[in-house]
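One structure below.
The values are calculated or read from the model by the stated rules, or taken from the named source; none is laboratory data. Computed from a predicted model, the values in this text were never measured in an experiment. Ideal geometry is used to build each Cβ from the backbone, glycine not excepted, and the neighbour counts take in all protein chains shown. What goes into the accessible areas is simple: the full protein's heavy atoms, side chains included, and nothing from ligands, DNA or RNA. Shrake-Rupley method; radii C 1.70, N 1.55, O 1.52, S 1.80 Å.
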Amino acid sequence: MTPAAITESAHADGSSTVPKDTHVSSNVTPLEAMGHKNVALPKIPVFESFAAQRQWQLEHMVRAFHVFAREGYAEGISGHISVRDPEFEDRFWINPLAVHFGMMQVSDLICIDMEGNVVDGNTSVPANAAGVSIHTACHLARPDVHAICHTHSLYGRAWSVFARRLEMLSQDACYLYNAHSVYESFGGIALSADEGKQIAAALGSQNKACILQNHGLLTVGGTVDEAAYLFLCMERSCKGQLLIEAAAANGIPKRLISHEEAEYTFRMASDPQTLYWEFQPHLRYEEYCDGHRQR
């Protein structure tokens, strides 16, 4: 069929659908579907000991900080990533105050229990009190969440002032289709436990991300890789939304992705295994750069 022969159906919200086959066999996982001839990349590693899994998680957490540094997310003492301990689920690892994202090492990380006590890791410097408040509340509210990312990235912070969810304007935005919320308040620096609990409540029981009004973005995942990639994706989607809003203000109409296509894209691309692999090129690039710097 030639492009001229393709018909579009319009929706009241301005989106349009070009009829297509979005069926994928239920016997094929999203990760398999991404590979040519359904050849899948390896699944997320499984470890024989908690010690090995912990070391792997913390190494990936550190690399996530390095990626965030390269992306320009570091700003003063703000911003934090946490990872739930694989052995003690009432503990999580978090970054210390005043260590640049790009300089983070495993030895810098602090292990804190849900009561706020430092129980392992770096004891020479404190963690960010606001970070402990937010991450404790979110980990307690979401037992399924093993990693949380929050920074004051530029475009996420700018879009947050509208207290609006992202529109489905690109394939990447669809990774968050019906899976992100808005915290429609700003209580200042989140030093109180109550502010952390309100943010956790706004995140909800199923969402992958939350836009914190006048503050920034927060993403969660089953691995730090998943949460970190969702943060990259969400920040760039905020940038795209801001650019598109500027164009739309000058009279250029937006074409939204239809609900059917957004749901299909979310189902195929926002799977935990797929999101894990989405982050690996970024992580491996940091490893590659480290290797060249050491030569």
(Q) Less than 23 Å apart at the alpha-carbon level, and either on another chain or at least 8 residues along: which lysines does that give for residue 197? (A) 208
(Q) Ordering 194, 271 by accessible area with a probe of 1.4 Å, largest first, what comes out? (A) 194, 271
Q: Within region 198-229, which residues have the backbone N less than 17 Å from the label spot 7 Å out from residue 178 along Cα→beta-carbon, could you tell me?
A: 204-209
Q) Protein chains only, probe 1.4 Å: how do 151, 29 rank by accessible area, largest first? A) 29, 151
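One quarter of the convex hull surface, Cα atoms only: what value does that give for the chain in nm²?
Result: 18.6 nm².
Calculated FRET efficiency, residue 242 and residue 140, Cβ-Cβ r, R0 35 Å, to nearest 0.05? Intermediate values should be presented prior to the final figure.
Numbers: r = 33 Å, r/R0 = 0.95.
Using R0 = 35 Å, I get an efficiency of 0.60.
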Q) Angle, helix 259-269 long axis vs. longest principal axis of the chain, Cα atoms, 0 to 90°, nearest 10? A) 40
Q: With unit charges on the beta carbon (Lys/Arg positive, Asp/Glu negative), name the residue among 112, 29, 230 whose Cα is farthest towards the positive pole of the charge dipole of the chain.
A: 230
(Q) Could you compute how much accessible surface residue 286 exposes when probed at 1.4 Å, giving the result in Å² to the nearest 10? (A) 10
Q: Please calculate the 1.4 Å probe accessible area of residue 63, with all protein chains present, and give it to the nearest 10 Å².
A: 50
Q: Could you work out how far helix 129-141 tilts from the main Cα principal axis of the chain, as a 0 to 90 degree angle to the nearest 10?
A: 60
Q) Ignoring ligands, DNA and RNA, what percent of the accessible area of the chain is carbon or sulfur (1.4 Å)? A) 54
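Taking the Cα centre of the chain as origin, work out the dipole magnitude from +1 charges on Lys and Arg Cβ and -1 charges on Asp and Glu Cβ, in debye rounded to 20.
On the way: 22 positive and 34 negative charges, 132 e Å.
Magnitude of the dipole: close to 640 debye.
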Q) Which of the listed residues, 146, 211, 46, is farthest toward the dipole's positive end in the chain, when Lys, Arg count +1 and Asp, Glu count -1 at the beta-carbon? A) 211
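Once you keep just the Cα pairs under 8 angstrom separated by 6 or more residues, what percentage relative contact order results for the chain?
Details: 499 pairs, mean separation 59.7, N = 295.
About 20 percent, as a whole number.
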Q. About its Cα centre, what dipole magnitude does region 150-289 give when the only charges are +1 on Lys and Arg Cβ and -1 on Asp and Glu Cβ, stated in debye to the nearest 20?
A. 340
Q.
Probe of 1.4 angstrom, ligands and nucleic acids ignored: what's the accessible area per residue over region 193-286, in square angstrom?
A. 40
